[in-house]
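Data block below; observations after.
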Amino acid sequence: MTEYEEFAVDLAREAARISLPYFRGACETVDKGGAAGFDPVTLADREAEAAIRRLIADRYPAHGVIGEEYGEDRPEVEHVWILDPIDGTRAFIAGLPLWTNLIALRTEGRPIVGVIGQPYLDEIFLGGPSGGRMLKGGGETPLRARACAHLNEALIATTDPDLFTGAELGAWTQVRAAARLARLGCDAYAYAMLAAGRIDLVAESALKVWDWSALVPVVEAAGGEVTNWRGAAPDGGGQVLAVGDARLRDQALVALRRAAL
């Protein structure tokens, strides 16, 4: 592992140390969505991000940070850590082990190291310059997305179709109709399963930079691709398409481009 990869794993383990004791236990939940609809945040989210930020400040005081809970600190510098302390807070408060700790390092505008951690399952999915691997129980397993040449053979996923707009929902419905099987409700864990060769395609919208940055290096290190719905690099529009086999990208984009931002 590179220095930054090792540090990202250390951050994931710190996030796990803070968040796991709250899972399926007493944990204060606050609705930050207001009129826009229920958007929960927990004490575990806030404490985990605060702990990660302290470690970054101690180790790399010149680096910037962008986090879901505490905002931006020098986002314009060369090296920026991007944090989602608990992605899948709804799963977290429902007692479902599909939430994750997401940590990315962006260098010169591009995510180069990413970690998807699932503490309850003792899994850390790492992607970076040294490749992709899943860390579990002291061992390592290489990550490799599987071959899938045709959408009608694909297992696909999205978190919740209700999150799509009207045009987006129509595009997703067309992709889903063509696919073999669709699974819902996995949040970022779906991208970990894509990198592990279990899922072939994930499509989502309305993602923030902390939702998708960690996913890109993990999926790419496993041989997959992550784009927006126009086929370019993910951006502030929040529409993300991840595929394990590049041959699926253009097939899915036939539908998704019609709703691309």
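The values are calculated or read from the model by the stated rules, or taken from the named source; none is laboratory data. Computed from a prediction, not measured in an experiment: that's the story for all the values here. We place every Cβ from the backbone using ideal geometry, glycine too, and count neighbours over all the protein chains shown.
When we screen 100, 89 for residues that are within 16 Å of residue 187 (Cα to Cα), outside the structural domain of residue 206 (by TED's automatic domain parsing) and at pLDDT below 95, the only hit is 89.
In this entry, residue 183 passes the filter for residues that are within 26 Å of residue 103 (Cβ to Cβ) and at pLDDT 95 or above. Counting only strands (runs of 3 or more DSSP E) that sit completely within the range 86-149, those holding 2 or more residues that are buried (at least 24 other Cβ atoms within 10 Å of the Cβ) and of a type in the set (A, V, I, L, M, F, W, C) correspond to 100-107, 110-118, 123-128. Can you say whether residue 8 is within 20 Å of the chain's Cα centre (by Cα), at pLDDT 95 or above and either of a type in the set (Gly, Ala, Ser) or not assigned by TED's automatic domain parsing to the domain that holds residue 91 (or both), as far as the supplied structure shows? Yes.
Using the structure shown, decide if residue 139 is modelled with pLDDT of 95 or more, small (Gly, Ala, Ser) and touching a helix residue (DSSP H, G or I) at 6+ places or on another chain (Cβ under 8 Å). Criteria not met by residue 139.
Only a single criterion out of (1) exposed (fewer than 14 other Cβ atoms within 10 Å of the Cβ); (2) within 22 Å of residue 146 (Cβ to Cβ); (3) acidic (Asp, Glu) is not satisfied by residue 200, namely (1).
Consider the range 203-261 and keep the residues that are among the charged types (D, E, K, R) and within 18 Å of residue 187 (Cβ to Cβ). The one that is surrounded by the most Cβ atoms within 10 Å (Cβ to Cβ) is 204. Selection over the range 204-253 of residues that are part of a helix (DSSP H, G or I), over 23 Å from residue 117 (Cβ atoms) and in contact (Cβ under 8 Å) with a residue 40 or more places away in the chain gives a count of 4.
Would you call residue 82 under 21 Å from the mean Cα position of the chain (by Cα), at pLDDT 95 or above and surrounded by 23 or more Cβ atoms within 10 Å (Cβ to Cβ)? Yes.
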